[in-house]
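The structure appears right after this line, and notes come after that.
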Amino acid sequence: MDDTYQIYLNRVARLTLRDSYLSGLQHIQGSPKYQIQPDGSPQPVPFPGYSVISPPAESDTLNADFYRHLNQCQEQLLSLLGPDLMVPVPPESFHFTLADLIWESAYQQARQNPDFDAQLRSCIAASFGQCASLATGTPLSFEILGVMVRTRSVGVCLLPSDEDSYERLVAFRRSIYQNPDLMALGIEQQYHLIAHITLGYFAPVSPELDREALSAALFDFNQRWLENTQKLTVAQAQLRQFEDMTKYNRQPDWPVFTF
(Lines give C-alpha, C1' and ligand atoms only; values in the text may rest on other atoms or scores of the structure.)
Protein backbone atom coordinates (compact mmCIF):
# COMPACT_ATOMS: atom_id res chain seq x y z
CA MET A 1 0.00 0.00 0.00
CA ASP A 2 2.88 2.41 0.69
CA ASP A 3 4.42 4.25 -2.24
CA THR A 4 7.71 3.57 -3.95
CA TYR A 5 10.52 5.88 -2.84
CA GLN A 6 10.31 8.17 -5.87
CA ILE A 7 6.52 8.43 -5.79
CA TYR A 8 6.71 9.29 -2.09
CA LEU A 9 9.25 12.06 -2.73
CA ASN A 10 7.11 13.52 -5.50
CA ARG A 11 3.95 13.35 -3.40
CA VAL A 12 5.27 15.02 -0.26
CA ALA A 13 7.21 17.66 -2.19
CA ARG A 14 3.88 19.19 -3.18
CA LEU A 15 2.74 19.54 0.44
CA THR A 16 4.83 22.66 1.12
CA LEU A 17 3.80 24.63 -1.97
CA ARG A 18 1.84 27.82 -1.40
CA ASP A 19 -1.07 26.48 -3.46
CA SER A 20 -1.12 23.34 -1.30
CA TYR A 21 -1.39 25.45 1.85
CA LEU A 22 -4.26 27.42 0.36
CA SER A 23 -6.03 24.25 -0.78
CA GLY A 24 -5.50 22.55 2.58
CA LEU A 25 -6.75 25.54 4.54
CA GLN A 26 -10.05 25.42 2.64
CA HIS A 27 -10.85 22.12 4.36
CA ILE A 28 -9.51 22.48 7.91
CA GLN A 29 -11.84 21.64 10.78
CA GLY A 30 -11.67 21.78 14.53
CA SER A 31 -10.24 18.55 15.91
CA PRO A 32 -12.51 16.37 18.07
CA LYS A 33 -9.41 15.38 20.07
CA TYR A 34 -9.71 18.60 22.10
CA GLN A 35 -12.71 20.34 23.61
CA ILE A 36 -12.59 24.08 24.24
CA GLN A 37 -13.74 24.90 27.76
CA PRO A 38 -15.92 27.93 28.66
CA ASP A 39 -12.79 29.80 29.77
CA GLY A 40 -11.21 29.19 26.35
CA SER A 41 -8.72 26.58 27.48
CA PRO A 42 -8.39 23.35 25.46
CA GLN A 43 -9.09 20.05 27.23
CA PRO A 44 -7.94 16.77 25.67
CA VAL A 45 -10.79 14.37 24.94
CA PRO A 46 -10.37 10.63 25.65
CA PHE A 47 -8.98 8.99 22.51
CA PRO A 48 -7.48 5.63 23.57
CA GLY A 49 -5.43 3.33 21.38
CA TYR A 50 -2.04 1.95 20.38
CA SER A 51 0.64 2.97 17.87
CA VAL A 52 4.20 2.00 17.00
CA ILE A 53 6.22 5.19 17.32
CA SER A 54 9.71 6.57 17.75
CA PRO A 55 10.52 7.32 21.40
CA PRO A 56 8.67 10.50 22.46
CA ALA A 57 10.78 13.61 22.92
CA GLU A 58 10.75 13.34 26.71
CA SER A 59 12.65 10.03 26.55
CA ASP A 60 14.63 10.49 23.32
CA THR A 61 18.06 11.78 24.37
CA LEU A 62 19.47 10.90 20.96
CA ASN A 63 17.37 13.63 19.35
CA ALA A 64 17.39 16.24 22.12
CA ASP A 65 18.70 19.01 19.84
CA PHE A 66 16.21 18.12 17.11
CA TYR A 67 13.26 18.33 19.50
CA ARG A 68 14.47 21.60 21.02
CA HIS A 69 14.55 22.97 17.49
CA LEU A 70 11.06 21.59 16.84
CA ASN A 71 9.78 23.17 20.04
CA GLN A 72 10.95 26.55 18.76
CA CYS A 73 9.13 25.87 15.50
CA GLN A 74 5.96 25.05 17.42
CA GLU A 75 6.16 28.28 19.42
CA GLN A 76 6.66 30.35 16.27
CA LEU A 77 3.86 28.53 14.48
CA LEU A 78 1.53 29.13 17.43
CA SER A 79 2.41 32.81 17.28
CA LEU A 80 1.58 32.83 13.56
CA LEU A 81 -1.69 30.90 13.74
CA GLY A 82 -2.81 32.15 17.13
CA PRO A 83 -4.19 30.18 20.10
CA ASP A 84 -7.74 30.59 18.77
CA LEU A 85 -6.82 28.38 15.81
CA MET A 86 -4.03 26.08 17.00
CA VAL A 87 -4.01 23.89 20.12
CA PRO A 88 -0.34 22.93 20.68
CA VAL A 89 0.48 19.40 21.79
CA PRO A 90 2.87 19.05 24.76
CA PRO A 91 6.43 19.26 23.36
CA GLU A 92 7.50 16.29 25.48
CA SER A 93 5.04 14.15 23.49
CA PHE A 94 6.53 14.94 20.06
CA HIS A 95 7.09 11.70 18.12
CA PHE A 96 7.10 10.12 14.67
CA THR A 97 4.34 7.53 14.21
CA LEU A 98 5.87 4.59 12.34
CA ALA A 99 2.66 2.55 12.19
CA ASP A 100 -0.87 3.44 13.31
CA LEU A 101 -2.60 0.44 14.91
CA ILE A 102 -5.98 0.98 16.58
CA TRP A 103 -7.75 3.86 18.27
CA GLU A 104 -10.97 5.34 19.63
CA SER A 105 -14.18 3.38 18.98
CA ALA A 106 -12.43 0.46 17.25
CA TYR A 107 -10.18 0.02 20.28
CA GLN A 108 -13.01 0.46 22.78
CA GLN A 109 -14.93 -2.27 21.00
CA ALA A 110 -11.89 -4.56 20.66
CA ARG A 111 -11.05 -4.47 24.33
CA GLN A 112 -14.36 -6.00 25.22
CA ASN A 113 -12.17 -9.05 24.72
CA PRO A 114 -10.21 -9.04 28.02
CA ASP A 115 -7.20 -10.62 26.28
CA PHE A 116 -7.03 -8.10 23.46
CA ASP A 117 -4.20 -5.95 24.82
CA ALA A 118 -2.00 -8.95 25.57
CA GLN A 119 -2.75 -10.44 22.15
CA LEU A 120 -1.88 -7.18 20.41
CA ARG A 121 1.44 -6.91 22.26
CA SER A 122 2.24 -10.52 21.35
CA CYS A 123 1.49 -9.88 17.66
CA ILE A 124 3.68 -6.77 17.57
CA ALA A 125 6.51 -8.66 19.25
CA ALA A 126 6.18 -11.37 16.57
CA SER A 127 6.26 -8.77 13.79
CA PHE A 128 9.36 -7.16 15.29
CA GLY A 129 10.93 -10.60 15.40
CA GLN A 130 10.44 -10.96 11.65
CA CYS A 131 12.50 -7.82 10.99
CA ALA A 132 15.98 -9.08 11.82
CA SER A 133 17.31 -8.14 8.38
CA LEU A 134 16.29 -4.52 8.97
CA ALA A 135 18.39 -4.24 12.14
CA THR A 136 21.55 -3.12 10.36
CA GLY A 137 22.92 -1.07 13.24
CA THR A 138 22.36 2.08 11.19
CA PRO A 139 19.37 4.12 12.42
CA LEU A 140 16.81 5.52 10.00
CA SER A 141 17.34 9.18 9.17
CA PHE A 142 14.76 11.83 8.27
CA GLU A 143 14.86 15.56 7.79
CA ILE A 144 12.12 18.16 7.94
CA LEU A 145 10.68 19.08 4.56
CA GLY A 146 8.43 21.78 5.97
CA VAL A 147 5.17 22.65 7.67
CA MET A 148 2.27 20.43 6.66
CA VAL A 149 -1.43 21.32 6.98
CA ARG A 150 -3.83 18.42 7.48
CA THR A 151 -7.61 18.54 7.89
CA ARG A 152 -7.54 18.66 11.69
CA SER A 153 -3.88 19.22 12.55
CA VAL A 154 -0.67 20.98 11.65
CA GLY A 155 2.85 19.61 11.90
CA VAL A 156 6.05 19.06 9.98
CA CYS A 157 6.47 16.65 7.08
CA LEU A 158 9.54 14.39 7.15
CA LEU A 159 11.67 13.46 4.16
CA PRO A 160 13.91 10.35 4.25
CA SER A 161 17.57 11.35 4.23
CA ASP A 162 18.27 8.43 1.89
CA GLU A 163 16.45 5.66 0.06
CA ASP A 164 17.62 3.00 2.53
CA SER A 165 15.82 4.75 5.42
CA TYR A 166 12.60 4.84 3.43
CA GLU A 167 12.78 1.26 2.17
CA ARG A 168 13.54 -0.16 5.61
CA LEU A 169 10.66 1.77 7.15
CA VAL A 170 8.25 0.50 4.48
CA ALA A 171 9.47 -3.10 5.01
CA PHE A 172 9.06 -2.62 8.78
CA ARG A 173 5.49 -1.40 8.33
CA ARG A 174 4.78 -4.31 6.00
CA SER A 175 5.87 -6.80 8.66
CA ILE A 176 3.28 -5.29 10.99
CA TYR A 177 0.34 -4.84 8.66
CA GLN A 178 0.77 -8.22 6.94
CA ASN A 179 0.92 -10.16 10.20
CA PRO A 180 -2.12 -12.50 9.88
CA ASP A 181 -2.59 -12.74 13.65
CA LEU A 182 -2.73 -8.96 13.93
CA MET A 183 -5.17 -8.82 11.03
CA ALA A 184 -7.32 -11.37 12.86
CA LEU A 185 -7.57 -8.83 15.71
CA GLY A 186 -9.12 -6.38 13.24
CA ILE A 187 -6.01 -4.25 12.71
CA GLU A 188 -5.09 -3.30 9.18
CA GLN A 189 -3.29 -0.51 7.34
CA GLN A 190 -5.61 2.42 6.77
CA TYR A 191 -3.27 5.15 5.57
CA HIS A 192 -0.45 5.60 3.10
CA LEU A 193 2.73 6.69 4.84
CA ILE A 194 3.17 10.44 5.17
CA ALA A 195 6.02 10.75 7.64
CA HIS A 196 5.29 13.65 9.97
CA ILE A 197 5.35 14.98 13.52
CA THR A 198 2.18 16.68 14.78
CA LEU A 199 2.73 20.04 16.48
CA GLY A 200 -0.88 20.98 17.15
CA TYR A 201 -4.55 20.46 16.40
CA PHE A 202 -7.03 22.95 15.02
CA ALA A 203 -9.54 24.57 17.33
CA PRO A 204 -12.99 25.41 15.88
CA VAL A 205 -12.32 27.45 12.74
CA SER A 206 -13.76 30.94 12.47
CA PRO A 207 -15.72 31.65 9.27
CA GLU A 208 -13.76 34.91 9.15
CA LEU A 209 -10.41 33.14 8.73
CA ASP A 210 -8.41 34.77 5.90
CA ARG A 211 -7.10 31.63 4.23
CA GLU A 212 -5.34 33.50 1.43
CA ALA A 213 -3.28 35.56 3.86
CA LEU A 214 -2.60 32.58 6.10
CA SER A 215 -1.37 30.41 3.21
CA ALA A 216 1.07 33.14 2.20
CA ALA A 217 2.25 33.52 5.81
CA LEU A 218 2.77 29.74 6.16
CA PHE A 219 4.78 29.63 2.94
CA ASP A 220 7.00 32.51 4.06
CA PHE A 221 7.42 30.97 7.51
CA ASN A 222 8.40 27.68 5.93
CA GLN A 223 11.13 29.28 3.83
CA ARG A 224 12.68 31.13 6.79
CA TRP A 225 12.49 28.32 9.27
CA LEU A 226 13.92 25.63 7.02
CA GLU A 227 17.28 27.38 6.81
CA ASN A 228 18.25 25.77 10.13
CA THR A 229 16.51 22.42 9.95
CA GLN A 230 18.01 19.33 11.60
CA LYS A 231 17.82 15.58 11.13
CA LEU A 232 15.76 13.11 13.15
CA THR A 233 17.56 9.85 13.90
CA VAL A 234 15.16 6.92 14.39
CA ALA A 235 17.08 4.22 16.22
CA GLN A 236 14.11 2.51 17.88
CA ALA A 237 10.48 1.67 17.29
CA GLN A 238 8.32 1.18 20.38
CA LEU A 239 4.80 -0.03 20.99
CA ARG A 240 3.03 2.75 22.93
CA GLN A 241 -0.47 3.10 24.37
CA PHE A 242 -2.31 6.40 24.69
CA GLU A 243 -5.48 7.57 26.42
CA ASP A 244 -5.50 10.93 24.61
CA MET A 245 -3.20 12.94 22.37
CA THR A 246 -0.96 14.25 25.15
CA LYS A 247 0.99 11.25 26.45
CA TYR A 248 2.24 7.92 25.07
CA ASN A 249 2.94 5.19 27.61
CA ARG A 250 4.69 1.84 27.65
CA GLN A 251 5.74 -0.83 30.12
CA PRO A 252 9.35 -2.09 30.29
CA ASP A 253 8.45 -5.49 28.83
CA TRP A 254 6.55 -4.14 25.82
CA PRO A 255 8.00 -4.78 22.34
CA VAL A 256 10.89 -2.63 21.09
CA PHE A 257 12.71 -2.87 17.77
CA THR A 258 16.19 -1.44 17.23
CA PHE A 259 17.12 -0.59 13.66
From the residues in the range 48-73 that are within 25 Å of Asp100 (Cβ to Cβ), touching a residue at least 60 places away in the same chain (Cβ under 8 Å) and assigned to a helix (DSSP H, G or I), which one is nearest to the chain's Cα centre (by Cα)? Leu70
How many residues, within the range 138-151, are within 13 Å of His196 (Cβ to Cβ), surrounded by fewer than 21 Cβ atoms within 10 Å (Cβ to Cβ) and in contact with a Lys or Arg (Cβ under 8 Å, 6 or more places away or on another chain)? 1
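Among the residues of the range 76-92, is any farther than 30 Å from Ala216 by Cβ, modelled with pLDDT of 95 or more and either surrounded by fewer than 18 Cβ atoms within 10 Å (Cβ to Cβ) or not aliphatic (A, V, I, L, M) (or both)?
yes
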Quick one: would you say Leu17 is farther than 30 Å from Met183 by Cα, modelled with pLDDT of 95 or more and of a type outside the set (S, T, N, Q)? no
Just give me the residues in the range 215-259 being under 22 Å from Gln72 (Cα atoms) and assigned to a strand (DSSP E or B), in sequence order. Lys231, Leu232, Thr233, Val234, Tyr248
Across (1) free of Cβ contacts under 8 Å to residues at least 40 places away in the same chain; (2) more than 25 Å from Ser20 (Cα to Cα), Asn179 clears everything bar (1)
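Do you know which of the residues in the range 86-108 that are among the small types (Gly, Ala, Ser) and touching a residue at least 12 places away in the same chain (Cβ under 8 Å) is nearest to Gly186 (Cα to Cα)? Step through it out loud before you land on a result.
At the first step, the residues of the range 86-108 found to be among the small types (Gly, Ala, Ser) are 93, 99, 105-106.
From what's left, touching a residue at least 12 places away in the same chain (Cβ under 8 Å): 93, 99, 106.
Details: Ser93: 27, Ala99: 15, Ala106: 9 Å.
Out of the qualifying residues, it is Ala106.
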If Thr136 satisfies every condition in (1) closer than 30 Å to Val45 by Cα; (2) modelled with pLDDT of 95 or more; (3) of a type in the set (S, T, N, Q) but one, which is the exception? (1)
Every pair of residues 6+ apart whose Cβ atoms lie under 6 Å, when the first sits in the range 109-129 and is among the polar types (S, T, N, Q) while the second is at pLDDT 95 or above and assigned to a helix (DSSP H, G or I): Ser127/Ser175; Ser127/Ile176
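Tell me, yes or no, whether the range 221-239 has at least one residue that is of a type in the set (Ser, Thr, Tyr), closer than 30 Å to Gly40 by Cβ and surrounded by fewer than 19 Cβ atoms within 10 Å (Cβ to Cβ).
So the first thing to find is which residues in the range 221-239 are of a type in the set (Ser, Thr, Tyr), and the list is 229, 233.
Checking the rest, the ones that are also closer than 30 Å to Gly40 by Cβ come to none.
Scanning the range 221-239 turns up no residue that is of a type in the set (Ser, Thr, Tyr), closer than 30 Å to Gly40 by Cβ and surrounded by fewer than 19 Cβ atoms within 10 Å (Cβ to Cβ).
Scan the range 74-97 for residues that are in a helix (DSSP H, G or I) and within 16 Å of the chain's Cα centre (by Cα) and jot them down.
First pass over the range 74-97, keeping only residues in a helix (DSSP H, G or I): 74-81, 91-93.
Passing the criteria: Gln74, Pro91, Glu92, Ser93.
The values are calculated or read from the model by the stated rules, or taken from the named source; none is laboratory data. The shown structure was predicted, so the numbers you read here are calculated from the model rather than taken from an experiment. Because the Cβ atoms are built from the backbone with ideal geometry, glycine has one as well, and the counts that use them run over all protein chains shown.
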